[in-house]
Amino acid sequence: MSRDQAQSAERFTDGAEAPFLELLARGASADAYEQPVLLARAEGRPAERVAALEEAKALALRVRSEMEGRRRREAELSALFETAHDLAGLRDLDAVLQAIVQRARSLLGTDVAYLSLNDPARGDTHMRVTEGSVAARFQQLRLGMGEGLGGLVAQTARPYVTDDYFKDDRFQHTHAIDSGVRDEGLVAILGVPLMIGPQVIGVLFAADRRARVFEREQIALLGSFAALAAAAIDTANLLTETRSALDRLGRANEIIQDRSAVIERASDVHDRLAELVLRGGGVHDVAAAVSEVLAGTVEFAEAAATPDAALKASQSEGHAVRHGDDWVAAVAAGGELLGALVLRGHPCLDPVDQRTLERAAMVTSLLLLARRSAAEAEQRVRGELLDDLLDARDRDPRLLRERAGLLGADLDATHVVLAARLDGEAADADQEAAARRRLWSAASHLAGTRQGLAAARDGGTVLLLPLAAGDTATHLARRTAGHLGTAVHEAVTVGASAPVENLASRPDAVASAYVEAQRCLEALRLLGRAGDGAAAEDFGFLGLLLAGDRDIAAFVERTIGEVVAYDERRGTDLLRTVDAYFASGMSPARTKDELHVHVNTVAQRLERVGRLLGEDWQSPGRALEIQLALRLHRLSSGTP
């Protein structure tokens with residue numbers, strides 16, 4: 001252990017992290033983490049103690065930030081699920097819309113949130129629900145179609161955000177709107193469309209009375225609330241249409257019974273979907289629940305396995321579409337197609353049952369996004385630990401072990417470092433970047449299932465995987481190349497290091513092993529073995545050039561070890577015979593003159609060598625390796 005490592009270990013064994021663990025346990029504010037350091041300086045503690053506290057503080061703040069991020073994501077998902085549950089038991093549209101606006105304001109942390117709806121009869125739009133508003137004129141605004149930020153959102157059917165409303169000239173300013181916004185004191189405004197199919201029916205807003213930049217995740221979150229609000233309005237409209245139809249038709253009892261059964265079934269499925277989400281169910285659980293309610297077979301299908309025309313039509317229209325005897329409901333989020341729910345063999349579908357399938361697709365998208373978010377967070381943490389092992393060689397071994405343990409990895413086990421890279425040629429930079437992201441994602445998933453680590457690096461991906469008993473670096477490299485190639489649908493070449501041990505105590509070994517793995521990767525590509533996997537030992541004597549530690553003894557042992565051991569046991573001179581044989585141009589006659597023995601003796605010795613080394617020992621490739629091993633053996637033993 002280096003002097004810096006020893007000092008770091010000593011700092012973390014004297015309890016430097018204790019005050020920060022207490023702060024984490026009680027959820028203290030970020031400012032409170034400065035107190036232990038300031039107190040240590042005020043008390044005149046040694047510089048090493050202060051440095052240890054600084055390092056512990058930085059780590060604790062990172063943990064606090066990650067915990068806050070997870071709590072925030074949990075709160076967002078919980079609010080979405082609660083709102084979906086409210087929608088399932090919809091009785092009062094205004095109450096549901098008010099709950100949506102309240103939760104949007106709370107989770108985005110804005111001063112004001114509000115919702116406007118279009119009025120086709122009057123040809124304008126008006127405020128429907130506000131939360132946090134204090135100006136009466138703002139709450140009663142009616143504005144013409146196409147005016148203001150909301151008009152821009154309605155025209156384009158896309159989210160828009162401005163960090164300074166009065167300085168933004170992308171949309172049409174009017175005196176009425178500007179006066180209302182000025183009365184309310186709003187500066188930064190985010191608006192997302194409320195859509196039923198391709199039609200924009202209103203806008204959901206979140207606004208602050210100060211300049212603010214809304215993050216991509218916040219825009220997506222408000223969009224999810226807008227989708228739920230539109231679903232609530234759509235459901236309310238459906239209920240209104242149903243009641244109107246019942247009033248107009250003379251056979252009221254018959255229609256009431258029919259519609260009541262359908263709506264009850266829809267309410268039941270929404271309740272069941274909400275329950276599935278809350279107890280952690282998966283997309284296939286959702287499909288099974290909807291299958292039971294719709295008395296058919298509902299399956300979740302990947303986007304690539306779904307008819308392209310039907311999938312795109314469902315995404316653009318926002319409804320389930322018929323495809324032959326099947327119904328397809330796109331599962332999408334933020335414009336990205338994640339797959340589809342397919343109802344098999346059901347050519348006729350009631351409108352409410354159709355909407356039930358569509359709501360199930362919406363819940364499925366939420367589940368997929370939630371799981372993706374959790375997976376990406378874990379992938380980032382695994383990548384950061386591997387980056388630290390590769391770059392920060394003075395890290396405290398105990399902390400490295402603890403961080404690895406939280407991820408299910410054991411740094412004291414034997415590992416192999418693998419360098420992976422795509423071998424296909426991308427059409428442009430965007431496609432190349434997308435392909436690299438797919439490779440990193442597939443490698444991260446593999447590392448997560450194998451209790452390993454993965455990180456994007458040097459235009460490819462580096463993995464640190466444990467080596468099972470009886471396995472070899474070569475076999476692991478080949479399996480990894482096959483697995484990643486299948487996952488990304490492209491050839492992936494993988495170079496592997498020799499096995500390394502005790503990584504927490506020897507962080508520098510990871511960097512050295514990575515260099516060796518990269519050399520193997522380049523050798524494979526130069527040899528035209530794209531899409532394959534190998535380790536240094538697979539290249540024979542060329543492995544000496546690839547291996548970071550130049551393990552000459554192992555090369556000699558692998559190549560002529562059987563002959564050396566035979567001579568030592570029997571007191572024979574096979575090694576000298578082989579050396580003389582090659583020196584004599586592989587001529588037995590000249591070899592017997594060199595050794596001063598009969599030619600039959602040479603033949604008998606060479607026959608014995610063949611049994612020890614294999615029948616192909618005189619082939620050009622093997623002969624070259626054997627001659628190199630003989631020379632290295634002489635040099636290592638001091639023999640002239």
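With Ala404, Ala447, Ala409, Ala420 as the choices, which residue is buried (at least 21 other Cβ atoms within 10 Å of the Cβ) and at pLDDT below 75?
It is Ala404.
Across region 465-497, what is the number of residues that are free of Cβ contacts under 8 Å to residues at least 60 places away in the same chain and surrounded by fewer than 21 Cβ atoms within 10 Å (Cβ to Cβ)? Quick ask: steps written out before the conclusion?
So the first thing to find is which residues in region 465-497 are free of Cβ contacts under 8 Å to residues at least 60 places away in the same chain, and the list is 465-471, 475, 478-479, 482-483, 485-487, 489.
Adding the requirement that they be surrounded by fewer than 21 Cβ atoms within 10 Å (Cβ to Cβ) leaves 466-471, 475, 478-479, 482-483, 486-487, 489.
Residues that pass the stated criteria total 14.
Considering only strands (runs of 3 or more DSSP E) fully contained in region 133-204, which possess at least 1 residues that are touching a residue at least 12 places away in the same chain (Cβ under 8 Å) and more than 38 Å from the chain's Cα centre (by Cα)?
142-144
Yes/no per residue for (1) under 14 Å from Arg576 (Cα atoms); (2) at pLDDT 85 or above:
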{"residue": "Val597", "(1), (2)": "yes, yes"}
{"residue": "Arg605", "(1), (2)": "yes, yes"}
{"residue": "Arg608", "(1), (2)": "yes, yes"}
{"residue": "Leu612", "(1), (2)": "no, yes"}
{"residue": "Glu615", "(1), (2)": "no, yes"}
{"residue": "Gln618", "(1), (2)": "no, yes"}
{"residue": "Arg631", "(1), (2)": "yes, no"}
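How many of the residues in region 505-535 are out of contact with any strand residue (DSSP E or B) (no Cβ under 8 Å at 6 or more places or on another chain) and either buried (at least 21 other Cβ atoms within 10 Å of the Cβ) or β-branched (Val, Ile, Thr) (or both)?
Selection size over region 505-535: 2.
All but one of (1) within 23 Å of Thr493 (Cα to Cα); (2) modelled with pLDDT under 70; (3) outside the structural domain of Gly533 (by TED's automatic domain parsing) hold for Ala427; which doesn't?
Against the list (1) within 23 Å of Thr493 (Cα to Cα); (2) modelled with pLDDT under 70; (3) outside the structural domain of Gly533 (by TED's automatic domain parsing), Ala427 comes up short only on (3).
Give region 422-459 a look and list any residue that's touching a helix residue (DSSP H, G or I) at 6+ places or on another chain (Cβ under 6 Å) and assigned to a strand (DSSP E or B), or say none.
Leu422, Leu453, Ala454, Ala455, Ala456
To keep it simple, each residue is scored yes or no on (1) closer than 23 Å to Ala230 by Cβ; (2) under 29 Å from the mean Cα position of the chain (by Cα); (3) outside any strand (DSSP E or B).
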position	(1), (2), (3)
Ser314	yes, yes, yes
Trp327	yes, no, no
Ala332	yes, yes, no
Leu343	yes, no, no
Pro347	no, no, yes
Thr356	yes, no, yes
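Identify all residues within region 116-132 that are out of contact with any Lys or Arg (no Cβ under 9 Å at 6 or more places or on another chain) and either without any contact (Cβ under 8 Å) to a residue 12 or more places away in the chain or under 19 Å from Arg212 (Cα atoms) (or both); write none if there are none.
Correct list: Pro120, Ala121.
Would you check which residues across region 284-312 are part of a helix (DSSP H, G or I) and closer than 10 Å to Ala330 by Cα and list them?
Listed by number, the residues that qualify are Ala303, Ala310, Leu311, Lys312.
Within region 80-104, can you find the residues that are surrounded by fewer than 20 Cβ atoms within 10 Å (Cβ to Cβ), modelled with pLDDT of 65 or more and either of a type in the set (Lys, Arg) or closer than 16 Å to Val129 by Cα (or both)?
Selection gives Asp92, Leu93, Asp94, Ala95, Gln98, Gln102.
Among (1) more than 28 Å from Glu217 (Cα to Cα); (2) surrounded by fewer than 20 Cβ atoms within 10 Å (Cβ to Cβ), there is one condition Val321 misses while meeting the rest; what is its number?
Exception for Val321: condition (2).
Starting from residues that are of a type in the set (Val, Ile, Thr) and not in a loop (DSSP other than H, G, I, E, B), keep the ones in region 207-244 and report whichever is nearest to Val352 (Cα to Cα). Explain how you work it out, then say what you get.
Of all residues in region 207-244, those of a type in the set (Val, Ile, Thr) come to 213, 219, 233, 235, 240, 242.
Narrowing further to those that are not in a loop (DSSP other than H, G, I, E, B): 219, 233, 235, 240, 242.
On the way: Ile219: 30, Ile233: 14, Thr235: 9, Thr240: 13, Thr242: 11 Å.
Ranking the candidates gives Thr235 first.
Quick one: Ala442 ticks every box in (1) more than 13 Å from Leu386 (Cβ to Cβ); (2) more than 11 Å from the chain's Cα centre (by Cα) bar one, so which box is it?
(2)
How do the helices (runs of 4 or more DSSP H) wholly within region 580-640 filter down when requiring 2 or more residues that are touching a residue at least 24 places away in the same chain (Cβ under 8 Å) and either outside the structural domain of Arg558 (by TED's automatic domain parsing) or surrounded by 13 or more Cβ atoms within 10 Å (Cβ to Cβ) (or both): which remain?
Qualifying helices (runs of 4 or more DSSP H): 599-613, 620-637.
Go through Arg421, Arg457 for me and flag whichever is farther than 30 Å from Leu59 by Cβ, in contact with a strand residue (DSSP E or B) (Cβ under 9 Å, 6 or more places away or on another chain), assigned by TED's automatic domain parsing to the domain that holds Gln518 and not hydrophobic (A, V, I, L, M, F, W, C). Spell out how you get there, then give the answer.
Details: Arg457 fails: farther than 30 Å from Leu59 by Cβ.
After ruling out the rest, the residue left standing is Arg421.
Considering every residue within region 208-215, establish whether at least one is in contact with a helix residue (DSSP H, G or I) (Cβ under 6 Å, 6 or more places away or on another chain) and either in the same structural domain as Thr125 (by TED's automatic domain parsing) or touching a residue at least 12 places away in the same chain (Cβ under 8 Å) (or both).
no
Which residue out of Glu516, Glu501 is farther than 17 Å from Arg457 by Cα and in contact with a Ser or Thr (Cβ under 8 Å, 6 or more places away or on another chain)?
Only one candidate qualifies: Glu501.
The values are calculated or read from the model by the stated rules, or taken from the named source; none is laboratory data. These figures come from a predicted structure and were not determined experimentally. Don't worry about glycine lacking a Cβ; one is built from the backbone with ideal geometry, like all the others, and counts go over all protein chains shown.
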